[in-house]
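Colleague: This is the structure I want to talk about, given as C-alpha cells.
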Amino acid sequence: MSEPRQSPDARGIEETAAEWLIKRRDCEEWSEADQAALDVWLAQSWAHSTAFWRLEAVWGRADRLDALRQQEAPRGFAQMRRRVLPILIRAAAGVAALAVVGVPASMMLLQPELKATYTAPLGGRQTITLRDGSQIELNTNTVVRVAETSGERKVWLDKGEAYFTVKHDASRPFVVIAANGRITDLGTKFFVRRDANRLEVALVEGSAQFDENLGRKTARSALLSPGDVVVATASSLSVTKQNGRVLKDKLGWRHGVLIFDNTPLVEVAAEFNRYNRTKLVVEGDAAAETGIGGTFPANDVAAFTRVAQGVLGLKVKNNGTDFVISQ
C-alpha cells in the first residue's frame, strides 16, 4: 500500500493524518509494514502525533462519519477518501476552535495532554508513575509514549518491553498500543514485549482485552485472565496458559536478573544480547542446543561465560567486542 502524501504545513499535516487514519481503519490490506510506516510518521514530530490523535478521537465520536464510512467502504478507498477526508478535517478544526475560545477541557472531545516520551537505555530500566498512581516499568532498550486526558490514558510501546501496574478506572480506560495489538485494562498487572516480528502480552493479575490489528475488520480478539499469554505475529495469533512461576521468571529483569530453565543456549545468548553491548555469539548446532538453567545478572556477560566454560565445558573465545561460544 502506498504511503499518504506528506506536507510540512499544518493543513498538509492534517490531511496526511486523515489519510493514515482512513487507510488504517477501513482498508483490508493494512499490513505490518503499513503500521511500521505510520509509527515512523507519528514519531517524526509532535505535530504529526497530535494531528493524528485529534482526528482519531473525532472519528470515534462522529456518528455522521460512521454512517458515511459504512456507506462508502464497499466502493473502495479512493471514493471513501474523497468523501470522508474533507468532513474529517472540518470536524477536527471545529474541535480545535473550541479550545481557542476557552471551552473547559471536560467539555472537549479530545485534545490529549502529551505527557512525554520515556526511554530506558540498553541494559537499563526506568519506572514511570502516572498521576493516578499507575506504574509502567521499562526494560532494556525500551521506548514508550504516554498521553492522558480526562477520559483516557493511552500508552504507545514503540519498542522493547514494559510491565504495567494499572489503577483501574472505568471512566478513564487504560490502553496500550504496540505494533498491531491493542490492550485495554480491566483492572490489571501485565507485561508487553515488542520484538521486530513478534508481540507478546502476558497477564499476571486481573483481566484485560486484547485486540489485534487496530481498526481492521478481520481483527481477532481475546479476553485474558491471569496466566494467559498472547503471541501475535503478522500471520498468527495464539493464546496459551502459563503458570505463575514461568511468568515470574519472565519478569526476572525487574530485579536485574535473567532466569532460564533448560533454555537452549542460542535463546539464552539472544536474551543476554538485549541487555549488553558485548554480545554472545554461539557457533555450531551442538552448542546452540545446549540447555541452560539458572539465574544470572542481566548485565554481566563475562560471568555467564565463566559458567559456560567452567561448568558446562563449552569453549569461550573473547574477541574484544563479543564472546564466541562453541562446543
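Colleague: Would you mind calculating the gained length between Ala234 and Gln309 on full extension (0.36 nm times residue separation, minus the Cα-Cα distance), in nm to one decimal?
Modeller: The span from Ala234 to Gln309 would gain 23.1 nm if fully extended.
Colleague: Could you state how much accessible area Thr240 has, in square angstrom rounded to the nearest 10, with a 1.4 Å probe and all protein chains kept in place?
Modeller: Thr240 has an accessible surface of roughly 70 Å² with all protein chains in place.
Colleague: Next up: Give me the one-decimal nm value for the distance between modelled label points at Ser150 and Asp249, 7 Å along each residue's Cα-to-Cβ direction.
Modeller: So the label points at Ser150 and Asp249 sit 4.9 nm apart.
Colleague: Could you please report the charge total around Ile259, scoring K, R as +1 and D, E as -1 over all other residues with beta-carbon less than 13 angstrom from its beta-carbon?
Modeller: So the surrounding residues net to 0.
Colleague: Under 8 Å for C-alpha pairs, at least 6 residues apart: give me the relative contact order for the stretch 133-211, rounded to a whole percent.
Modeller: 25 percent
Colleague: Using Cα-only point scatterers and the Debye equation, what is log10 of I(q)/I(0) for the stretch 199-290 at each q in 0.13, 0.17, 0.25 Å⁻¹, rounded to two decimals?
Modeller: One equal scatterer on each Cα of the stretch 199-290 leads to -0.61, -0.91, -1.21.
Colleague: Once you've got the Cα coordinates, tell me which of Lys159/Lys250; Lys248/Lys315; Lys23/Lys250; Lys250/Lys317 are over 25 Å apart.
Modeller: From the list (Lys159/Lys250; Lys248/Lys315; Lys23/Lys250; Lys250/Lys317), the Cα-Cα distance tops 25 Å for Lys248/Lys315; Lys23/Lys250; Lys250/Lys317.
Colleague: So how much accessible area does Val257 have, in Å² to the nearest 10, using a 1.4 Å probe?
Modeller: Approximately 40 Å² for this residue.
Colleague: Per-residue HN-Hα couplings for the stretch 145-152, Karplus 6.51 cos²θ - 1.76 cosθ + 1.60 at θ = phi - 60°, whole Hz, x for Gly and Pro?
Modeller: 10, 10, 10, 10, 10, 5, x, 6
Colleague: Grab the other residues whose beta carbon is less than 11 angstrom from that of Ala269, score K and R as +1, D and E as -1, and report the net.
Modeller: Here the count lands on -2.
Colleague: Give me the distance in nm between label points sitting 7 Å out from Cα along the Cα-to-Cβ direction at Thr295 and Lys167, one decimal.
Modeller: Result for the modelled spin labels: 3.1 nm.
Colleague: Here's another thing I want to ask about it. Rounded to the nearest angstrom and ordered from largest down, what semi-axes does the equivalent ellipsoid of the stretch 184-247 get from its C-alpha gyration tensor (root of 5λ)?
Modeller: 19, 14, 10
Colleague: How large are Rg and Dmax for the stretch 227-280 when calculated on the C-alpha trace, in angstrom?
Modeller: Over the stretch 227-280's Cα set, Rg and Dmax evaluate to 13.2, 34 Å.
Colleague: When each pair of different Cα atoms in the stretch 169-327 is counted once in the 1/r mean, what is the Kirkwood radius in angstroms, to one decimal?
Modeller: 17.5 Å
Colleague: Taking 0.36 nm per intervening residue step and subtracting the Cα-Cα distance, what contour gain separates Ala37 from Ala270 on full extension?
Modeller: Extending this stretch completely gives an extra 81.3 nm.
Colleague: Between Asp261 and Ala219, take the C-beta separation as r, use R0 = 25 Å, and let me know the FRET efficiency to the nearest 0.05.
Modeller: After rounding, the FRET efficiency stands at 0.15.
Colleague: On to the next question. Test of understanding: what is the full-extension gain from Gln327 to Thr129, defined as 0.36 nm times their sequence separation minus their Cα-Cα distance?
Modeller: Going from the current span to full extension adds 66.7 nm.
Colleague: If you average 1/r across every pair of different Cα atoms in the stretch 265-327 and take the reciprocal, what Kirkwood value do you get, in Å?
Modeller: Value: 11.4 Å, from the Cα pair sum.
Colleague: Let me ask something additional. With every protein chain left in place, what is the accessible area per residue of the stretch 112-251 in square angstrom, probe 1.4 Å?
Modeller: 41 Å²
The values are calculated or read from the model by the stated rules, or taken from the named source; none is laboratory data. This one's a predicted model, so the numbers in the text were calculated from it and none came from an experiment. In this analysis, Cβ positions are derived from the backbone assuming ideal geometry, glycine residues included, and neighbour counts consider all displayed protein chains. The accessibility values were calculated without ligands, DNA or RNA, using every heavy atom of the protein model including side chains. Shrake-Rupley method; radii C 1.70, N 1.55, O 1.52, S 1.80 Å.
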